[in-house]
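Novice: What follows is a single structure, and I will ask about it in a moment.
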Amino acid sequence: MSEPPPTAEELGRLLLPLADEIDAARAVPPGVIETVANSGALAAMVPAEYGGRPMSHQEYGELSRAVAHTSASLQSLLTVHGMVCASLSRWGSPAVRRRLLPRLASGELLGAFGLTEDGAGSDAQAIGTTAVPQEPVAAESADEPAQTWWRLDGVKRWLSFGQVAGCFLVFAKHGERSVAFLVQRDDPGVTVVPSRPTSGFRSAMLADLRLDGCRVPADRMVGRPGFGVAQVAGNALSLGRLCVAYGSLGIAEACCDAMLGHTSGRRQFGGRLIDLQLVRGLISDAVVDTEAARLLCGQAARAMDVQDGRLIQQVLTAKLAASRAAGTASAAAAQLHGAVGLVDGGPVDRWVRDARVMQVIEGSTQLVQHLLAEESLQSFRVRRRDPRYPFTQGADHVE
């Protein structure tokens, strides 16, 4: 009988000694990815019938938190790989699910998410990559049906783990309708180019995906035309934002632990640094934000597990609060560590850089605020129509 996979905390302890090495190498070694795969993390969003180890969103979130405590770059693999697996599990064709999901679950094949372009990021509807159906190609055998293909043209930017991914969930436009396809690395017309280095997520192996007359068989369409951004991308982004929220929580936790350890051991002005009132103020603000983020992440994960009607609002709330908590905690850690916190490649420096990324990826802070306000307004409209809801004063003119 095989051993049970490690818990989130066990996986975090296993990876922790590798944190500085991963960041300095600006890449995640294959052996580390294998360790994560052996934990079951890469199989969490794959049904058991395809070799997956299904987890609740809360369990998957806890894995993201624990991995981000060590490396936010590595945690981004859980984010994008999970988004691809969940999308393919729900909307992929039966043949493609049978062929690819077992390989994705084992970690033999890594998935990356291709939505962002130079002219399309927060505005997903503005994607310029095109998808055009091609004439059917005659099969090699008379017993087989002619194969239908699609041609994809465009460039996708900033794909986490794009340098090593074997398949990409790519969003494109077919006329006025959005479509999603699973593109494989060895498809004709595919070129993967490493992205310019970024200050944070140094080891996320970012890449650009160039599609020049890329030929993709029709059975690798995920969903149907008109379904791409509205449903496939929308659901994937909710999962991605939940993972980013938990990853941000992991960064914030690491910063709080580092601050408490450093300030309780360092002596200044005849006493411990932590005994200074202003120091305690910085620490307490970070702790409060971190604990609030923890509760909101759990609430959002439970909403996704039961498909609560307010899950989008809950996920956006968690993402906004947790990414802010990571920013607050990392800034306080840098301040309290002094020069040590400024050392390039040190843990505090890494947390500061990675926390900044968390406020941009899977929806910038400003986009999340915009979406959250809209979701809150919709929720309010529903509540005010309930005769049992007494708080309608001043709401008569809400449209």
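Novice: Within the set of pairs 6+ apart or on separate chains, which have a first residue in the range 66-95 that is closer than 10 Å to V46 by Cα and modelled with pLDDT of 95 or more, a second that is in a helix (DSSP H, G or I) and β-branched (V, I, T), and C-beta atoms under 8 Å apart?
Specialist: So the pair list comes out as S87/V232; L88/V96.
Novice: Can you pull out every residue in the range 1-56 that is among the β-branched types (V, I, T) and touching a Gly at 6+ places or on another chain (Cβ under 9 Å)?
Specialist: So the first thing to find is which residues in the range 1-56 are among the β-branched types (V, I, T), and the list is 7, 22, 28, 32-33, 35-36, 46.
Answer for the range 1-56, where residues must be among the β-branched types (V, I, T) and touching a Gly at 6+ places or on another chain (Cβ under 9 Å): I33, V36, V46.
Novice: For V216, all conditions in the list (1) open to solvent by 60 Å² or more (accessible area, probe 1.4 Å); (2) touching a residue at least 40 places away in the same chain (Cβ under 8 Å); (3) in contact with a strand residue (DSSP E or B) (Cβ under 8 Å, 6 or more places away or on another chain) hold save one; what is the number of the exception?
Specialist: Evaluating V216 over (1) open to solvent by 60 Å² or more (accessible area, probe 1.4 Å); (2) touching a residue at least 40 places away in the same chain (Cβ under 8 Å); (3) in contact with a strand residue (DSSP E or B) (Cβ under 8 Å, 6 or more places away or on another chain) leaves (1) as the failure.
Novice: Also, quick follow-up: Tell me, please, whether a residue that is in a helix (DSSP H, G or I) and either among the basic types (K, R) or surrounded by fewer than 17 Cβ atoms within 10 Å (Cβ to Cβ) (or both) can be found in the range 68-88. So that I can check it myself, show each step before the final result.
Specialist: Step one: filter the range 68-88 for residues in a helix (DSSP H, G or I), giving 68-70, 72-88.
Now restrict to residues that are either among the basic types (K, R) or surrounded by fewer than 17 Cβ atoms within 10 Å (Cβ to Cβ) (or both): none.
No; the residues of the range 68-88 include none that is in a helix (DSSP H, G or I) and either among the basic types (K, R) or surrounded by fewer than 17 Cβ atoms within 10 Å (Cβ to Cβ) (or both).
Novice: Report, by residue number, each residue of the range 83-115 that is closer than 16 Å to S39 by Cβ and either out of contact with any helix residue (DSSP H, G or I) (no Cβ under 6 Å at 6 or more places or on another chain) or aliphatic (A, V, I, L, M) (or both).
Specialist: Keep residues of the range 83-115 that are closer than 16 Å to S39 by Cβ, which gives 85, 104-108, 110.
Hits for the range 83-115 are L104, A105, S106, E108, L110.
Novice: Looking only at the range 96-132, filter to residues that are assigned to a strand (DSSP E or B) and over 21 Å from G51 (Cα atoms); which one of those is modelled with the lowest pLDDT?
Specialist: Start the filter on the range 96-132 by keeping residues that are assigned to a strand (DSSP E or B), which leaves 111-114, 117, 120, 130-132.
Now narrow it down to the ones that are over 21 Å from G51 (Cα atoms): 113-114, 117, 120, 130-132.
On the way: F113: 96, G114: 95, E117: 92, A120: 81, T130: 95, A131: 93, V132: 94.
Applying the filter and picking the extreme gives A120.
Novice: Can you tell me which residue is modelled with the highest pLDDT among those in the range 219-236 that are crowded, with 23+ Cβ neighbours inside 10 Å and out of contact with any helix residue (DSSP H, G or I) (no Cβ under 7 Å at 6 or more places or on another chain)?
Specialist: M221
Novice: Continuing with the same structure: Provide a single number: the residues in the range 9-29 that are in contact (Cβ under 8 Å) with a residue 40 or more places away in the chain, under 30 Å from V96 (Cβ atoms) and not β-branched (V, I, T).
Specialist: Residues of the range 9-29 that are in contact (Cβ under 8 Å) with a residue 40 or more places away in the chain, as a first pass: 9, 11-12, 15-16, 18-20, 22-28.
Then keep just the ones that are under 30 Å from V96 (Cβ atoms); that gives 11, 27-28.
Then drop every residue that is not not β-branched (V, I, T), which leaves 11, 27.
Within the range 9-29, residues that are in contact (Cβ under 8 Å) with a residue 40 or more places away in the chain, under 30 Å from V96 (Cβ atoms) and not β-branched (V, I, T) number 2.
Novice: Filtering the range 306-335 down to residues that are among the hydroxyl-bearing types (S, T, Y) and open to solvent by 30 Å² or more (accessible area, probe 1.4 Å), which residue is nearest to E375 (Cα to Cα)? Let's see the steps before the verdict.
Specialist: Taking the range 306-335 as the starting set, the residues that turn out to be among the hydroxyl-bearing types (S, T, Y) are 317, 323, 328, 330.
After this cut, where a residue has to be open to solvent by 30 Å² or more (accessible area, probe 1.4 Å) as well, the list is 317, 328.
Working: T317: 10, T328: 25 Å.
Looking at residues that are among the hydroxyl-bearing types (S, T, Y) and open to solvent by 30 Å² or more (accessible area, probe 1.4 Å), I get T317.
Novice: Return the only residue of E49, E21 being open to solvent by 10 Å² or more (accessible area, probe 1.4 Å), farther than 20 Å from S106 by Cα and assigned to a helix (DSSP H, G or I).
Specialist: Numbers: E49 fails: farther than 20 Å from S106 by Cα.
That would be E21, the only listed residue that is open to solvent by 10 Å² or more (accessible area, probe 1.4 Å), farther than 20 Å from S106 by Cα and assigned to a helix (DSSP H, G or I).
The values are calculated or read from the model by the stated rules, or taken from the named source; none is laboratory data. Remember, it's a predicted structure, so these values are computed and weren't measured experimentally. Don't worry about glycine lacking a Cβ; one is built from the backbone with ideal geometry, like all the others, and counts go over all protein chains shown. Note: accessible area is taken over every heavy atom of the protein model, side chains too, but ligands, DNA and RNA are not part of it. Shrake-Rupley method; radii C 1.70, N 1.55, O 1.52, S 1.80 Å.
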